[in-house]
Amino acid sequence: MNIALLGPPGCGKGTQAKRLEDRLGYLQLSTGEMLRAEVESGSELGSAAKDIIESGKLVPDDMIVDMISKRIDEPDCQKGFILDGFPRTVPQAEALANLLKEKDIPLGSVVEFSVDEDAMVKRIVGRFACTFCGQGYHDDFQKPIVDGVCDKCNGTDFMRRADDNEDTVRSRLKEYHRQTAPIIGFYENLGLLVSIDGMAEIDEITKRMETIVR
């Protein structure tokens, strides 16, 4: 099955996509990671994207769609793929629908992660990671077993993303509602939308996701 994940930044889309990839073999497709891979490869598309990014502009929709089109033709996408971070706008959703129709590839479900925004802000602002191995932690929900020591690699240096602060997070949530939330109605009208509680326990969300994609 092929699915797309919707939800504000920090709602857990990437975590669940990765879990489905590991457990069921559906390929996680993050447009951000795909763009970085194209740029690093030096491909024609990647070179064009690099010039646009370095000029401070957004990569246009048609370029993103071309990149997705190329990627889903690869053999490792044949079992199914999970779009993580795309589409973000109704025009992108329409372009994706046209692309999949041309390729005769069905989109099985679009999963919306419903969240409590105040709790979401607390979740994002409190997160940090080991500088050495990248193991993730949280001030309230997932502290290292030994304070100041990474559980995974015993590292003692930690980092926080510069944009994981309340003002930035609330600005991103506002932008999500302005730009991305209208997609919910788009997919609801197509009968593809499934809403799940994005504030539930991670394992509980995974079980719910597995029932959707199987």
How many nm separate the modelled label positions at residue 105 and residue 174, each set 7 Å beyond the Cα in the direction of the Cβ?
3.6
Rounded if a/c is under 1.5, else prolate if a/b beats b/c, else oblate: with a ≥ b ≥ c from the C-alpha gyration tensor eigenvalues square-rooted, which is the stretch 1-125?
oblate
Can you tell me the relative contact order of the stretch 75-184? Whole percent, Cα pairs under 8 Å, sequence separation 6 or more.
28
Taking the beta-carbon count within 10 Å as an exposure proxy, list 31, 89, 156, 211 from fewest neighbours to most.
211, 156, 89, 31
Which of rounded, prolate or oblate describes the stretch 130-214 when judged by the alpha-carbon gyration tensor and an a/c cut-off of 1.5?
oblate
When every alpha-carbon pair in the chain is counted, what percent end up more than 33 Å apart?
18
For the chain, what is the relative contact order in percent, using Cα pairs closer than 8 Å and at least 6 residues apart in sequence?
29
Relative to the first principal axis of the alpha-carbon coordinates of the chain, what is the inclination of helix 166-179, with its axis defined by its Cα atoms, in degrees from 0 to 90 and to the nearest 10?
20
By count of other Cβ within 10 Å, fewest leading, how are 128, 113 ordered?
128, 113
A correct Karplus calculation of ³J(HN,Hα) over the stretch 152-158, with 6.51 cos²θ - 1.76 cosθ + 1.60, θ = phi - 60°, whole Hz and x for Gly and Pro, returns 7, 10, 6, x, 10, 10, 10
Run the simple label-point estimate for residue 37 and residue 167 please: 7 Å along Cα→C-beta, distance reported in nm.
3.7
Expected vector for the stretch 112-129, Karplus 3J(HN,Hα) from phi with 6.51, -1.76, 1.60 and θ = phi - 60°, integer Hz, x for Gly and Pro, equals 9, 8, 8, 9, 8, 5, 5, 5, 5, 4, 4, 5, 6, 4, x, 8, 8, 9
Taking the Cα atoms only, what angle lies between the long axis of helix 61-72 and the longest principal axis of the chain, rounded to 10 degrees?
90
Return the sequence-ordered ³J(HN,Hα) values of the stretch 134-139 in whole Hz as given by the Karplus equation 6.51 cos²θ - 1.76 cosθ + 1.60 applied to θ = phi - 60°, using x for Gly and Pro.
x, 4, x, 9, 8, 4
Please report 47, 55 as a ranked list, fewest other C-beta atoms within 10 angstrom at the top and most at the bottom.
55, 47
Taking only Cα atoms, what is the 0 to 90° angle, nearest 10, from helix 90-103's long axis to the longest principal axis of the chain?
60
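Rule-based calculations on the coordinates, nothing more; no lab input. What you see is a predicted model; the values in this text were computed from it and never measured. We place every Cβ from the backbone using ideal geometry, glycine too, and count neighbours over all the protein chains shown.
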